[in-house]
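Student: I have a structure I would like to understand better, so I am pasting it below and will then ask my questions one at a time.
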Amino acid sequence: MTLPTQKDEPTKSTLTQESILVKSNLKGDWPNIFLLLLLYIMQGVPLGIITVTPMLLQSKQNVTYKEQALFSLASWPFSLKLLWAPLVDALYIQKIGRRKSWLIPVQFLMGICFFYMANDINDLLPETGKPNILKLVFMFFISTFMAATQDIVVDGWALTLLQKNNVGYASTCGSMGQVMGIMISAVSFILFTSEDFSNKYLRITHNVGGIVTVKSLFLIWGTLFTVITTLIAIFKNEKDNRLEDNHIKLNTFQSYKLLWDILNLPSVKILAIALLTMMIGFASTDSVVNLKLIDAGVPKDNIMIIQTGMYAVKIIIPVIAVKYTSGPKPISTYLNVTPFRLLCNSLFILLIYYTPELIRNNGVIDIPMYYYMILLIIQMIHDIQYNIMIVALVAFYYRISDTRFGGTYLTLLNTLSNLGMLCSKSAAIGLIDVLTFKECSFDSKNNCSTPNVQNMCKSKGGDCIVIVNGYYVETIAFTIFGIIWYFIFKNILKRLQSKSPSHWQINFQIQEFENDKNAYTMNVKT
């Protein structure tokens, strides 16, 4: 693979062993910390809007579930961003800056999307009548695509924007900022536009409509994106990436080839296996608990209120955990929390088991306040553990990623962990019915396995009784898998964490040809 670059002279490593182990010191980095936090908040704004728009559509009762499924396509770009991450690393205008070349136009385009949606609000989200679903999906797909691209850019920029011993703080900025952006946009989009909520909590005298309209919110976001992006373009100077240690300039093909070369690094191969399997132990708790609570009779609205309150936890925890996640050994923090989170699975098993008994009074659903307190405490314990682990994991990504290809490297690692999480959650949901066994109350030969035999049982006055609850079987099996995973990978991941940066970098070597021209080949360092 030919690389158009300078000789690989014996210069300092891109990330020295000393820099990766030295304690962080934010002196001189505070402005960059605030900039990163602001950029991640901006990234969370379109994500928050796209998260709550289905609720807005459903509340108007003029869309079908099929149309809701179509709208869900708008969130795909964040799962597909690995496809264009190499382009973000390879293509840029040197005079503008490697990261600003993408950040400035992408954020301007996000602002333009908001302005367009505000102008066309009567077609996209009319007060009365059916919304234009296809156009709505198209516009939100574009805005999510821009947010995903901005995520690639900011992740890559964070590796060089902060001092090398402070890169762990980028994970904290990302976790806090994105959640803050999602919370701000989601709350304003649903609650501030609600007439009932505004009259009850935000106004002295009642009035028609919310304190803001959806159109005005889009105009506000469009204006903020335009102003903030303009200020960054004018006043924030980006370090010339050619001055970075071991600077390499790749073309587009080489950037895509880089993905394969990164995956072929021995350390990355081992890490990839760990990332694809690490979430299996928690899959049933993360994906099925709320569904089982609803099945038991807990109102989904009350569950959502508790989930919304967890936003505060998601914002505060990264700040509290930064002392442990920004240091030289963030993966140790992840591993230290893992046994407690596996133990938390048993708390949810007990909660699900006793919920039908706790929320019913003489056969009628009458949920006492203490039940919600129990649910809140258990959910808070779970969310605290989850957020500490995610922040620590992402901090590890920042520490090991090769700064020369930061956007591609970080996107690859995040994609591996997200893929492992999504696959394990999908498996957890799909296995519930497979592992659940029922029989008709008056006919033990009727296993209630299909809708037809269930209807047959009910038509004769019987009920399908659960003999084996698949949730319990699955959770126990996944927890055992998680325990095995922990003992297999505990020491492996600790050894990976202590490896020198060269184990995570692509090595470039010079080859001399007969015509005395230098060509550079990319080789995996073993």
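Student: Restricting attention to region 352-382, and to residues there that are open to solvent by less than 10 Å² (accessible area, probe 1.4 Å) and part of a helix (DSSP H, G or I), which single residue is farthest from GLN307 (Cα to Cα)?
Tutor: The extreme case among them is THR355.
Student: Going by the conditions given, is PHE140 farther than 23 Å from LEU35 by Cα and outside any helix (DSSP H, G or I)? Outline the logic, then answer.
Tutor: Working: farther than 23 Å from LEU35 by Cα: yes; outside any helix (DSSP H, G or I): no.
Here the answer is no, as PHE140 does not meet what is asked.
Student: MET456 - would you say it is under 24 Å from LEU293 (Cβ atoms), in a helix (DSSP H, G or I) and open to solvent by 10 Å² or more (accessible area, probe 1.4 Å)?
Tutor: no
Student: Only one of (1) in contact (Cβ under 8 Å) with a residue 12 or more places away in the chain; (2) open to solvent by less than 70 Å² (accessible area, probe 1.4 Å) fails for VAL319. Which number is that?
Tutor: The single condition VAL319 does not satisfy is (2).
Student: Now for a separate question. Where residues in region 269-310 are open to solvent by 50 Å² or more (accessible area, probe 1.4 Å) and under 18 Å from the mean Cα position of the chain (by Cα), which of them is modelled with the highest pLDDT?
Tutor: It comes out as LEU276.
Student: If I go through region 359-375 residue by residue, how many of them are within 12 Å of VAL298 (Cβ to Cβ), at pLDDT 90 or above and aliphatic (A, V, I, L, M)?
Tutor: 2
Student: On to the next question. State which residue pairs qualify: first residue open to solvent by 10 Å² or more (accessible area, probe 1.4 Å) and inside region 161-181, second residue among the acidic types (Asp, Glu) in any location, beta carbons under 6 Å apart, and separation of 6 or more residues or different chains.
Tutor: From residues that are open to solvent by 10 Å² or more (accessible area, probe 1.4 Å), the pairs are GLN163/ASP29.
Quick grid of which residues meet (1) modelled with pLDDT under 85; (2) more than 36 Å from the chain's Cα centre (by Cα); (3) loosely packed, with under 15 Cβ neighbours inside 10 Å:
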position: LEU431; (1), (2), (3): yes, no, no
position: LYS438; (1), (2), (3): yes, yes, no
position: ASN447; (1), (2), (3): yes, yes, no
position: TYR471; (1), (2), (3): no, no, no
position: ILE484; (1), (2), (3): no, no, yes
position: ILE492; (1), (2), (3): no, no, yes
position: LEU496; (1), (2), (3): no, no, no
position: LYS499; (1), (2), (3): no, no, yes
position: TRP504; (1), (2), (3): no, no, no
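Student: In region 77-133, which helices (runs of 4 or more DSSP H) lie fully inside it and hold 1 or more residues that are open to solvent by less than 60 Å² (accessible area, probe 1.4 Å) and in contact with a Lys or Arg (Cβ under 6 Å, 6 or more places away or on another chain)? It would help to see each step written out before you state the result.
Tutor: Details: elements: 77-80, 85-90, 100-119, 121-124.
By residue number, 100-119, 121-124.
Student: For region 80-122, which residues satisfy the criterion of being of a type in the set (Phe, Trp, Tyr) and closer than 30 Å to ILE133 by Cα?
Tutor: TRP84, TRP102, PHE108, PHE114, PHE115, TYR116
Student: Does region 471-485 contain any residue that is within 30 Å of LEU161 (Cβ to Cβ) and touching a residue at least 60 places away in the same chain (Cβ under 8 Å)? Break it down into steps so the answer makes sense when it comes.
Tutor: First, the residues of region 471-485 that are within 30 Å of LEU161 (Cβ to Cβ): none.
No: region 471-485 contains no residue that is within 30 Å of LEU161 (Cβ to Cβ) and touching a residue at least 60 places away in the same chain (Cβ under 8 Å).
Student: I'd like to know if region 343-351 contains one or more residues that are under 23 Å from GLY168 (Cβ atoms), in a helix (DSSP H, G or I) and either open to solvent by less than 50 Å² (accessible area, probe 1.4 Å) or at pLDDT below 90 (or both).
Tutor: So far as region 343-351 goes, no, none of its residues is under 23 Å from GLY168 (Cβ atoms), in a helix (DSSP H, G or I) and either open to solvent by less than 50 Å² (accessible area, probe 1.4 Å) or at pLDDT below 90 (or both).
The values are calculated or read from the model by the stated rules, or taken from the named source; none is laboratory data. Every value quoted in this text rests on a predicted model; they were computed, and no experiment measured them. Cβ atoms come from the backbone with ideal geometry, glycine included; neighbour counts cover every protein chain shown. In case anyone asks, the SASA skips ligands and DNA or RNA and just uses the protein heavy atoms, side chains included. Shrake-Rupley method; radii C 1.70, N 1.55, O 1.52, S 1.80 Å.
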